[in-house]
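Structure record follows, encoded as structure tokens.
The values are calculated or read from the model by the stated rules, or taken from the named source; none is laboratory data. Because the structure is a prediction, the values reported are computed rather than measured. Quick reminder, even Gly has a Cβ in these numbers, built from the backbone with ideal geometry, and neighbours come from all protein chains shown. SASA here: full protein model, heavy atoms, side chains in, ligands and nucleic acids out. Shrake-Rupley method; radii C 1.70, N 1.55, O 1.52, S 1.80 Å.
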Amino acid sequence: MEKFDDWDNPDGFPLIKDGRIDAGDVYLRYLQQGDADLVYECDTDALSRRWALTPPPSRQYAENIARRGYLDWRLSYKSALTIVQSGSNTPVGLIKVRKLVPPGVADVGYQVHERYRGLGYAVHALQIFCTWSHQARLFHRFELGIKPGNTASTRVAEKAGFVFEGRRSARLIDVGGGYSDELHYAKVITATCPASVSNDAADSDVPSAFVSTH
């Protein structure tokens, strides 16, 4: 790894023990260069474009995001992890995260490739990401915004334990022009949990069952 892994408090996100966070049928890992097609296709299929906030990415942009995956995770205030199908090790989607103000609050998002939608992968990935983040003492509050009418995304949020907190007018941009309201959802975890990251002295605090039972 690069020298910045020796820093006590990197600006980005903490190291992930063994490089993966297990959730049974799926696990999360750092983005890799081979994930470029996944990044591109998750942002360019018809359903994704319907609810998109930004113009479609170029293939070069997707390649850059995939290539920088680990660096962005360690150094940036926003990053993503790849959702991988456990049995086949097939990348199926993305969990996206951005640090908000105040500390301990995250903006999260999820994308699943159109070939793998409807299988519960987004729900399980979102649940385990929130659990891991809290145990890592990274976040205690998780927020996400959904455009009205996006019922599939609403179902994912609610199944993952997010609660509807209200509707915010004209908060989200429409790519074709104008603005959409935002359905604001949040999940709060406040119980005290042991750390589960591998930097500093946290390895000894990781519950042995954590990576195998979720």
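Key figures
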{"item": "Selection from the stretch 149-188 of residues that are part of a loop (DSSP other than H, G, I, E, B), closer than 25 Å to L119 by Cβ and of a type outside the set (S, T, N, Q)", "result": "G149, A160, G161, F162"}
{"item": "Residues of the stretch 50-83 that turn out to be in a strand (DSSP E or B) and crowded, with 21+ Cβ neighbours inside 10 Å, as a count", "result": "5"}
{"item": "Residue match in the stretch 182-189 (condition: over 25 Å from R20 (Cβ atoms), open to solvent by 30 Å² or more (accessible area, probe 1.4 Å) and either modelled with pLDDT of 90 or more or in contact with a strand residue (DSSP E or B) (Cβ under 7 Å, 6 or more places away or on another chain) (or both))", "result": "yes"}
{"item": "For T151: the one exception among (1) in contact with a strand residue (DSSP E or B) (Cβ under 6 Å, 6 or more places away or on another chain); (2) among the hydroxyl-bearing types (S, T, Y); (3) open to solvent by 40 Å² or more (accessible area, probe 1.4 Å)", "result": "(1)"}
{"item": "Pair list, Cβ < 7 Å and 6+ apart or interchain, from the stretch 168-191 residues that are over 30 Å from H134 (Cα atoms) and in contact (Cβ under 8 Å) with a residue 12 or more places away in the chain to residues that are surrounded by 13 or more Cβ atoms within 10 Å (Cβ to Cβ) and basic (K, R)", "result": "S180/K147"}
{"item": "All positions within the stretch 84-120 that are of a type in the set (A, V, I, L, M) and open to solvent by 40 Å² or more (accessible area, probe 1.4 Å)", "result": "L100, V101, L119"}
{"item": "Top-ranked residue of the stretch 10-49 - restricted to ones that are among the polar types (S, T, N, Q) and open to solvent by 30 Å² or more (accessible area, probe 1.4 Å), ranked as farthest from W73 (Cα to Cα)", "result": "T44"}
{"item": "Unmet criterion (only one of (1) within 18 Å of G109 (Cβ to Cβ); (2) modelled with pLDDT of 95 or more) for G166", "result": "(1)"}
{"item": "Selected residue (criterion: nearest to the chain's Cα centre (by Cα)) from residues of the stretch 87-116 that are under 23 Å from L183 (Cβ atoms) and of a type in the set (D, E, K, R)", "result": "K96"}
